[in-house]
Amino acid sequence: MSESDAVLIKPKDYKTSVKPIWCPGCGDFAVLSAITKALAWMKLAKEEVALISGIGCSSRLPAYVDSYGFHGIHGRVLPLAAGLKVVRPELTVIAAGGDGDGYSIGGNHFMHACRRNIDMTYIVMDNRVYGMTKGQASPTTAADWDKSKLTPHGTGVPPFQPLSIALAAGAGFIARGFSGDPNQMSKLIVEAIEYPGFALIEVLSPCPTFRPEQKEWKHQVRQAEDIPLHDPVQAAEWLAADDGMSSGLIYHRAHPVWQALHEVGSTLADIEQEFRI
Amino acid sequence: MTQHNNISIAITGSGGSGAVTAGLILLEAMAQAGFYGLMQRSAGPQIRGGESAVMLRFADHELCGPADVFDLWLALDWLKVRRFVDEIPLHGGSQIISDPMIGEPPAEVTGQQAAFIDLSLKQTAATVEGGRVNMVGIGVLAAMLGLSVATMHKAIQKTLSDKGKAVISASLAAIEAGMRLVPSGSVPLTANWQVATGERWNISGNEACGLGALRGGVRFVAAYPITPASDMLEWLAPNLEKIGGTLLQAEDELASINMIVGASFGGVASLTATSGPGLSLMLEGIGLAVASETPITVVNVMRGGPSTGIPTKSEQADLNQALYGPHGDAPHLVLAPLGISDAVFTTQWAVCLAERLQTATIVLSDQSIGQARAIVSPVPETDMLCTRQTAQDIDGEYRRYTLTPDGISPMAIPGTPYGMYTADGLEHNEKGTPSSMAADHNVQLTKRSDKLLQTDYGEHWAEIAADDEAVADYLLLTWGSVSGVVSEGAGRLRDQGYSVTVVAVRLLMPLPLQQMKNALSGAKKILVVEHNYSAQFYHYLMSLGAIPQDASSLARPGPLPLRPGEIVTTMTGEQHE
C-alpha cells in the first residue's frame, strides 16, 4: 500500500485544481463527478489510476482528475490506453472521450478494442455534436439535423449505432448512462472497472450550447428494467428495438481477456545463439 | 585498398522454383566453410507463385554491399526473367548455368557476353526421388566453390530442419548429384581464400534491428504488417516473449504508434517498425511523442516510393519525411544504420537516445538492409547510457515538464505516488497543464529543442574512414545503407592512387555540424551519395550549410542498387570494367 493510499480519499480529492473548459450546463461535469465518486468508492489509489483520452470537449477530462492521465490525439484514445494497460496490467485504465473522437475518427479502433477485449473501461460522452469545433454533426447525429453550416440539409446519413456495433464487434460489457443520473452512472463505472475485459459505457451527455434541445433528455431517459442481457442475440434484438433512451447495464457476458503471454527464462545471450554459424 | 577474393552469384527462378531456398542454403554452406557472405533479395509482386531472385556475394572477408557485376548466374528457369535482367549485370567472364531442357533464354540474356554452361539439371533431378532442380543447381555451385559434401550436409540440416527427414535426404541426394555434374579436378573458385576461424553470425538486417531494439531495452512493440518490415516483427514476436516482453499486432499504423506511446508512458521502452506508407500514417503520433516528451523509436524499413511505390525493392527516399514529417516545430532524432551489422548498434543507440532524451527517434533502414542476410563477425554488446530519468520520492508539487539545465525533466511513471500528471499533446506549462500562452509555448519549444542540441552525441554520429594524407583528394559523404557500396568504391579509388575520405553519417538529425565541418575540412572534391531521385540528403546538407556550394551530388533512385563502380566513374569520369 502506498502512502497516498493510507488515508480515506473522498471524491473531491480526486479532482485537480484545473478549471474545466466546459460550458455551464454541460453534461460532462456530471461524468467527471461520477468518475471521482466511483474511484473513491473503490478506494483506488490515485497513482494506480490512469485516465486516457483523445481530442474533443469531453477528452479534456483527464486534466481534471488527480490521477495519471494522457490527453492524446484525436481518435486514438483506445490504442493509447491499450498500450499502457498491456505493459502495466495492474493499473486501472479508463479511456474517455466523445462521440466524434470514438465513433468517427477513432471508429476503427473502437471495433478492434471491442474484439481485442483488453481489460479497460471506455466512457463515451455522447452529445451527438462536435462541440470543440463549434457545432458540426457527429456520427450519432440524426440524419435530418440541419443546424450546422457544414451540413445545411442535414447529413442525410443514418446515425451510428455504437452499442449494436460494440455487440457485433464482441464487447462483453455494454451500458448506457445519463449525465442526469450521476448515481446510476457511478455504479455503472464501478461495474465496468470490475468487469474483466473491455467495458463500454455510452453516456448521454447533453450539449446545452449546440444542442439545447437535449435539455429534454431528462424527460426522455428512463432506466430499463429487463436488463442486463447475457445472450448476444437477445441483446441485438433489444438494442434494435430500443429508442436510444434506455439506461442501465444492457449486456454482460464473460469473454476471454487479451493478455500478453510470457515464457520468460531466456536471456538476450540465449537469443543471440541462434545467429551463430 | 580493394579486397579481392570475392565472387558474386545470382540465382533466379519463377514461383515455386526455390531460388530463395537455394540462396539460403548456399549462404549457410559458405558460412560453414569459413567464409563471409551477403544475400540480397529481389521479388516480383506476387504473393505466392511469383518470380524471385537472390543476389549472393561471397568472400574471405566481411562484405558490405553488392559488387558491380555477377560472375555466375544459376537460372532455374527463364520464365519472367526479363524482370531481373537489369538487376544482374554481367561481364565478359560471367558464366550462366542453365539447362537447355528448361527452354531458350530471352534475347536480353543471350545478347550479353557471358558464356553458357549447359547442364542437364532437370534430368539429374529426376534421377533422385523427390529431387528438385534448385537443389541440383546448388550442388553445381557448391562443387564449383569447392564446398565438401559434409559442409552441404550441415547447411541442409540447419536450413531445412523444419521440413522433415524425407525432404532433407532428397535435397542432399539432389545436391550430391549436382556436385557430380562438375568435372572432378576443377580448381575451386575459393582455392586461395582464407578460411575464418573465429565465430561468425548469419543474420538479416531486420533481425539485426530487432536485436538492437532488445539490447536497447525495448520490451513492447506494437505494429501493423508491411513489406519489407514484417519479418522484423515476426522475429521480435517470439523473442520478446522469451524475455518477458510483448508484441501486439495492431489494427493499423495509427493504432501501433499510439500504442507504443501509451506503453512508453507506462515506463516501458517501446518501438514500432514499418515502411513508408506506415510512417506517413504515424506522423501525428510521432508529434505526440515529441510534444508529450514520451520516448519512442520508429524503425522505417524504406522501400520504393511514393505512395505504394515498389514495396519489395529498396530506396532511400523517406529521408525528407523522417526529417520534416511531423507538423509544428517537432524536434526529434533521425538515425540510419550503415549496414546489416550496424543495424544492431544503430537501433540500440536510437532506443537509448529516445529514452535518455525523452523524444521520438526514427531509424531509417531499408529493404537492401532489412531483407538481406549476411555472414558477419558477431556484433559485440556496446555499453550505452539507456536510462530514462524518472521521478521518484516526490516531495511537494510535481512538475512534469520542469525546466532543467539539460532540458530533460524527470518523468513520473504511473504508480509513483504524488507524481500524478496528465501528459499532453496540447502545449502546456511546466506542470503539464494545457496553455496557449506565448511564454509557455516559447519556453517549452526551446526546452524540447535544446535538450537535443545540447547533447554530446560523441563519435558515433558518423563513421569516418580517412587516408593518412592530411587533405583528401576526394571526400565521399553518404548515409545509411549505401555506405558499404561507397566504401568499396573508395577502396578502388585508393587503388588508383587517390586519397579518399568516406564520411558515412549515422546520426542525421540533429546533425553535429561542427564535427561535420571538421570531417570535411580541406577536402578538394566532395560528392554526396544517396539512393533516391531528388538528392534529399544533399539538399538537407545544403540547407544547413554543412557542405560547400561546389559539393556535387550522386543521387539515383531505386530499385537498382547503387554499385561501387558508379562511385568511381562519378569521381573520375572514367568508365569502370
message = Based on the alpha carbons, how large is the Rg to Rh ratio for segment B:6-198 when Rh follows Kirkwood?
response = 0.93
query = How well do other chains shield peptide A:13-19, expressed as the mean number of their Cβ atoms within 10 Å of each residue Cβ?
reply = 2
query = Taking R0 as 22 Å, what's the FRET efficiency between A:His262 and B:Ser377 from their Cβ-Cβ distance, rounded to 0.05?
reply = 0.10
key: Other protein chain Cβ atoms within 10 Å, averaged over every residue that makes up A:257-270   = 4
message = Let me confirm one metric for peptide A:87-93, namely the mean number of other chain beta-carbon atoms within 10 Å of its residues' beta-carbons.
response = 5
inquiry  = To the nearest 20 Debye, how big is the dipole of the protein assembly as shown about its Cα centre, given +1 on the beta carbon of each Lys and Arg and -1 on that of each Asp and Glu?
reply    = 920
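Given a 1.4 angstrom probe, what's the average accessible area per residue across segment B:6-198, in square angstrom?
About 42 Å² of surface per residue is accessible.
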ask   = Say each of B:Thr197 and A:Leu150 gets a label point 7 Å from the Cα, pointing the same way as Cα to Cβ; how far apart are those two points in nm?
value = 7.3
note = Of B:59-69, B:275-285, B:477-487, A:255-265, ordering from highest average Cβ density within 10 Å down gives B:477-487, B:275-285, B:59-69, A:255-265
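Could you work out the Kirkwood radius for segment A:207-277, taking every pair of different alpha carbons, averaging 1/r and inverting it, reported in Å?
17.4
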key: Cysteines in chain B that, by Cβ-Cβ distance, have no pairing candidate under 4.7 Å   = B:Cys64, B:Cys209
task = Can you spot the lysines whose alpha carbon is less than 29 Å from B:Lys122's alpha carbon? Ignore those fewer than 8 places along the same chain.
result = B:Lys80, B:Lys154, B:Lys158, B:Lys163, B:Lys165
query = Residues of segment A:147-165 with amide nitrogen under 14 Å from the 7 Å Cα-to-Cβ point of A:Ala236?
reply = A:164-165
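For B:Lys158 and B:Arg82 in one chain, what is 0.36 nm times their gap in residues minus the Cα-Cα distance, to one decimal in nm? Could you put the intermediate results ahead of the total?
On the way: separation 76, 0.36 × 76 = 27.36 nm, distance 3.28 nm.
Full-extension gain reported as 24.1 nm.
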remark   = Ordered by number, the GluC sites (Glu not before Pro) in segment B:456-492 that occupy a DSSP loop and have at most 13 other Cβ atoms within 10 Å are B:Glu469
request  = Determine, from the Cβ-Cβ distance of A:Glu90 and A:Glu213 and an R0 of 60 Å, the FRET efficiency 1/(1 + (r/R0)^6), rounded to the nearest 0.05.
outcome  = 0.85
query = Which three lengths, in whole Å and largest first, does segment A:6-90 cover when its Cα atoms are put on their principal axes?
reply = 38, 35, 17
remark   = Ranking B:Ser449, B:Val505, B:Val187 by how far each Cα lies towards the positive end of the charge dipole of the protein assembly as shown (+1 on Lys and Arg Cβ, -1 on Asp and Glu Cβ), the top one is B:Ser449
query = Put simply, what bits of segment B:243-268 lose 50 Å² or more of accessible area when the other protein chains are there, versus the chain on its own (1.4 Å probe)?
reply = B:Ile243, B:Thr246, B:Leu248, B:Glu251, B:Asn258, B:Met259, B:Phe265
request  = Pull up the DSSP beta bridges for the protein assembly as shown and report the antiparallel fraction as a percent, rounded to 5.
outcome  = 30
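What fraction of the Cα pairs in the protein assembly as shown, stated in percent, has a spacing above 34 angstrom?
Here the tail beyond 34 Å accounts for 57 percent of pairs.
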remark   = Percent of all alpha-carbon pairs of segment A:232-273 at distances over 11 Å, whole number, is 79
query = Roughly what % of DSSP beta bridges within chain B run antiparallel, to the nearest 5?
reply = 40
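Using the scaling law 2.2 N^0.38 Å as the reference, what is the normalised Cα Rg of segment B:461-572?
0.96
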inquiry  = Suppose R0 equals 25 Å. What FRET efficiency, 1/(1 + (r/R0)^6) with r the Cβ-Cβ distance, do B:Asp456 and B:Thr572 give to the nearest 0.05?
reply    = 0.10
ask   = Taking a probe of 1.4 Å, how large is the accessible area per residue of segment A:130-277, in Å²?
value = 51
task = Work out the length of the dipole vector of chain A about its Cα centre, built from +1 on the beta-carbon of each Lys and Arg and -1 on the beta-carbon of each Asp and Glu, and round it to the nearest 20 debye.
result = 880
ask   = What is the distance, in nm, between label points placed 7 Å from the Cα along the Cα-to-Cβ direction at B:Thr308 and at B:Glu234?
value = 2.1
task = Name the residue farthest towards the positive end of the dipole of the protein assembly as shown from the options B:Val529, B:Ser14, B:Leu323, assuming +1 on Cβ of Lys and Arg, -1 on Cβ of Asp and Glu, about the Cα centre.
result = B:Leu323
Mean Cα-pair separation over length for chain A, i.e. relative contact order, pairs under 8 Å, 6 or more apart, % = 17
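Let me make sure I get this right: for segment B:23-83, a, b and c are the square roots of the gyration tensor eigenvalues over alpha carbons, sorted descending. Under 1.5 in a/c it's rounded, otherwise prolate if a/b > b/c, else oblate. Which is it?
Prolate, because a/c is 1.5 or more and a/b exceeds b/c.
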Per-residue [θ]222 nm for chain B (sum of -39500 (n - 2.57) over DSSP H runs n ≥ 4, rounded to 500) = -10500 deg cm²/dmol
Size of electric dipole in segment B:1-93: Cβ of Lys, Arg +1 and of Asp, Glu -1, about Cα centre, debye, nearest 20 = 340
ask   = Between exposed trypsin sites (Lys or Arg not before Pro) in chain B, where DSSP calls loop and at most 13 other Cβ atoms lie within 10 Å, what's the longest gap?
value = B:49-523
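Kirkwood hydrodynamic radius of segment B:162-208 from all distinct Cα pairs, in Å?
Mean inverse Cα-Cα distance, inverted, gives 14.6 Å.
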message = Using Cα-Cα distances under 8 Å and only pairs 6 or more residues apart, what relative contact order does segment B:461-572 have, in percent?
response = 33
Cross-link pairs beyond the 27 Å C-alpha cut-off, checked among A:Lys43/A:Lys218; B:Lys242/B:Lys447; A:Lys85/A:Lys187 = A:Lys43/A:Lys218; B:Lys242/B:Lys447
remark   = Beyond 28 Å, the calculated P(r) of chain A holds a percent of Cα-Cα pairs equal to 35
query = Using 7 Å Cα-to-Cβ label points, what is the B:Lys524/B:Val167 separation (nm, one decimal)?
reply = 5.8
inquiry  = On the principal axes of its Cα set, how long, how wide and how thick is chain B? Give whole Å, largest value first.
reply    = 83, 56, 43
remark   = Once accessible area is computed for A alone, B alone and the pair with a 1.4 Å probe, the total buried surface, to the nearest 100 Å², works out to 4700
request  = Can you tell me the order of A:147-154, B:8-15 when each peptide is scored by its average per-residue count of other Cβ atoms within 10 angstrom, highest first?
outcome  = B:8-15, A:147-154
request  = Could you tell me the convex hull volume per residue, in Å³, taken over the Cα atoms of segment B:474-540?
outcome  = 87
message = If you average the alpha carbon positions of segment B:219-283 and of segment A:41-62, how far apart do those two centres end up, in angstrom?
response = 25
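Express in nm, to one decimal, how much length is gained between B:Thr110 and B:Gln392 on full extension, taking 0.36 nm for each residue of separation and deducting their alpha carbon distance.
94.3 nm
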key: Three-way shape label, segment B:202-376, alpha-carbon gyration tensor, a/c 1.5   = rounded
request  = Convert each backbone phi in segment B:235-250 into a coupling constant with the Karplus relation 6.51 cos²θ - 1.76 cosθ + 1.60 (shift: θ = phi - 60°), then list the ³J(HN,Hα) values in order as whole Hz, x for Gly and Pro.
outcome  = 6, 5, 3, x, 6, 4, 4, 4, 10, x, x, 9, 10, 10, 7, 8
key: Calculated [θ] (222 nm, deg cm²/dmol) that DSSP helices of n ≥ 4 give over chain A, each run adding -39,500 (n - 2.57)   = -8000 deg cm²/dmol
ask   = How large, in percent, is the carbon and sulfur part of the accessible surface of the protein assembly as shown at a probe radius of 1.4 Å?
value = 53
message = Taking 30 Å as the cut-off for C-alpha to C-alpha distance, list the pairs among B:Lys451/B:Lys517; A:Lys19/A:Lys134; A:Lys37/A:Lys147 that go past it.
response = A:Lys37/A:Lys147
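The values are calculated or read from the model by the stated rules, or taken from the named source; none is laboratory data. Values in this document were obtained by computation on a predicted structure and should not be read as measured data. Neighbour counts are summed over all protein chains in view; Cβ atoms, including those assigned to glycine, are modelled from backbone coordinates with ideal geometry. Surface accessibility is based on the protein's heavy atoms, side chains included, excluding ligands, DNA and RNA. Shrake-Rupley method; radii C 1.70, N 1.55, O 1.52, S 1.80 Å.
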